[in-house]
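Structure first, commentary second.
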Amino acid sequence: MIRSVFNPLYQDNFAHDVVRYDLNSLKAYQGITVTSPQGDYEEVYEPLTDPLIMRYMGYRHEAGHTPATQANSILSYPLLQRLRNYLPITSNLSKAEFIPTRLVNFLEVLRDKFPRHHLLLSDFCSLPNSISRAYTAPVVQTRYKGTMVPCSTYMVQPGYFDIFFPTNFELLRDMYHLIMRPRNRGASMASAGVHLDPNFFSRTWGPSPFNDVGPSGNRAQIYTHREFLTKYADLSRTEVRSGENPMLDYYANVKVIF
Amino acid sequence: MLSASQLATCRSPPRGAKALVRDFIHDALYNPFYGYFPQRAVIYSAPEPLAFAEMRNSSEFDEAVARIYKNISDAKHTTASTVGVQLWHTPVEVFQVCPVLRFCGQSVCPDDFAQPWYGQAIARCLASEYLLRYFPYEDFVVYEMGGGNGTLGLNILDYLRDEYPEIYERTTYKIIEISHGLAKIQQTRLKQHSHVVEVINKSIFDWNDVVHSPCFFLALEVIVRRRPKRDSLRF
């Protein structure tokens, strides 16, 4: 019997924004998708104004993570950067970088609406066949005559293609701790009309479950799929005769944070 | 510039329009009228128990999974649809498998079919954390975001009922499900646990109430999309 379900909607395929940086000033520009009256797509960049992208930039900076475009490019070599400016035809913007803005949005919802949650999240940490020429680029693919066809851009007819992104778990963990830290939690409860001793959330206030970074009182930890299952699964049940264990081997590009 | 909520009301992809990239992508995936997920994706459960202990090695396992894929894509309901139909296979589904009877040598064991190794691992993880931190002072509350067809919830609840009745008795399992259709399927699938299950048909981004009790929040990108080994074709 084959049970199949149409119309699934998974909320955890978090959409990303795109930013590029001015190579001289390092100022960020936000990506906009423009659909022409004829239905053609174009990506244009304008100065950063979106509040969610700005919050993401703030969290990332505070977490001590460098934008991928700067960590990996000539932007980290000032001399090369200057030389590049003398080249005749070069773009004045860096390579594009996809940034997980909806994920930040999700973490903020967790902070505000589920203040005592304990998060268990799993996702892809890397993906083969992602679209080219961008950092943290998504896979864009569709199924055509039984074969999976990867594409080189996300600007395709909406609805015909799956678009999904790899997650940088180290960045996720660090942003998670920042967003969930007691100061933010206090602020969000105060805005909800709850008033507490100002020291309630600090480390000095009595025996509190909030003495550490996560809302659940412990640091969120990253596991590979294999590490997680080795810790929690009954592996004897999924072993084949050669001793291999497909449950462990299969999802090598999946990680878990808990 | 169109926002995500403005886009969500469009009945066909808008032309002569601008949107932030995240709103464009979100709309392409989730628009109720033409989005990829409402229109084209198919998710399914493994049609047969996989007999791990009978398989020689992992390539035999690969073949078994490939066979399932082929059967599914040959099935009438997917060929009837047009281009773009995507098949998903989740670890929850694959590893909801028969442990194979090592002792009696049968390859099919209906009683064990619901033995869900992946879901059990998650249940064990949550249970140990709960026992360590909260039991017996707080109830065991789980929120699952995007419950698929309810397999993970079923696996977790079956396991708790059988192995940790003291936890099961204090369990509330809530699924936050944006899709109306899936919410119905989850309710049916979890019928035997209906006294502990609640399916909430809304998006996490529209959540209003503050949940003050301790809870476990599951966000599992358990959707594993198998890609063909050779794909060189690009648009």
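Quick notes
- The modelled label-to-label distance between A:THR49 and B:ASP139, using points 7 Å beyond Cα along the C-beta direction, is 4.7 nm.
- Difference of contour (0.36 nm per residue) and Cα-Cα distance, A:SER152 to A:ASN253: 34.3 nm
- Shape category assigned to the stretch B:115-213 from the gyration tensor of Cα positions, a/c cut at 1.5: oblate
- For the set A:LYS95/B:LYS18; A:LYS95/A:LYS145; A:LYS113/A:LYS255; A:LYS145/B:LYS191, the pairs lying more than 27 angstrom apart at their alpha carbons are A:LYS95/A:LYS145; A:LYS145/B:LYS191.
- Cut-off 14 Å between beta-carbons: net charge of the residues surrounding B:VAL141, Lys and Arg +1, Asp and Glu -1: -2
- Interface of B with A. Using a 1.4 Å probe and counting protein heavy atoms only, the two chains hide about 10000 Å² of accessible surface, both sides summed.
- Two-site FRET efficiency, A:ASN24 against B:ALA8, from Cβ-Cβ distance with R₀ of 41 Å, rounded to 0.05: 0.60
- Each residue, B:HIS195 and B:PHE33, gets one label point 7 Å from its Cα in the Cβ direction; the gap between the two is 4.6 nm.
- Note on A:ILE222/A:SER36: beta-carbon distance plugged into 1/(1 + (r/R0)^6) with R0 of 35 Å gives a FRET efficiency of 0.25.
- Note on A:LYS95/B:ASN57: beta-carbon distance plugged into 1/(1 + (r/R0)^6) with R0 of 56 Å gives a FRET efficiency of 0.85.
- Among the residues of A:36-46, the average count of other protein chain beta-carbon atoms within 10 Å of the residue beta-carbon is 2.
- Residues within the reach of a label modelled at B:ASP209 (point 7 angstrom out along Cα to beta-carbon, backbone nitrogen below 17 Å), restricted to the stretch B:123-146, are B:139-145.
- Averaged over the residues of peptide A:133-144, the number of Cβ atoms from other protein chains lying within 10 Å of each residue's Cβ is 3.
- Mean per-residue shielding of peptide A:156-168 is 6, counting Cβ atoms of other chains within 10 Å of each Cβ.
- Taking other residues whose beta carbon is less than 12 angstrom from the beta carbon of A:MET155, and scoring Lys, Arg as +1 and Asp, Glu as -1, yields -3.
The values are calculated or read from the model by the stated rules, or taken from the named source; none is laboratory data. Being a predicted model, the structure only gives us computed values, none of them experimental. In this analysis, Cβ positions are derived from the backbone assuming ideal geometry, glycine residues included, and neighbour counts consider all displayed protein chains. SASA here: full protein model, heavy atoms, side chains in, ligands and nucleic acids out. Shrake-Rupley method; radii C 1.70, N 1.55, O 1.52, S 1.80 Å.
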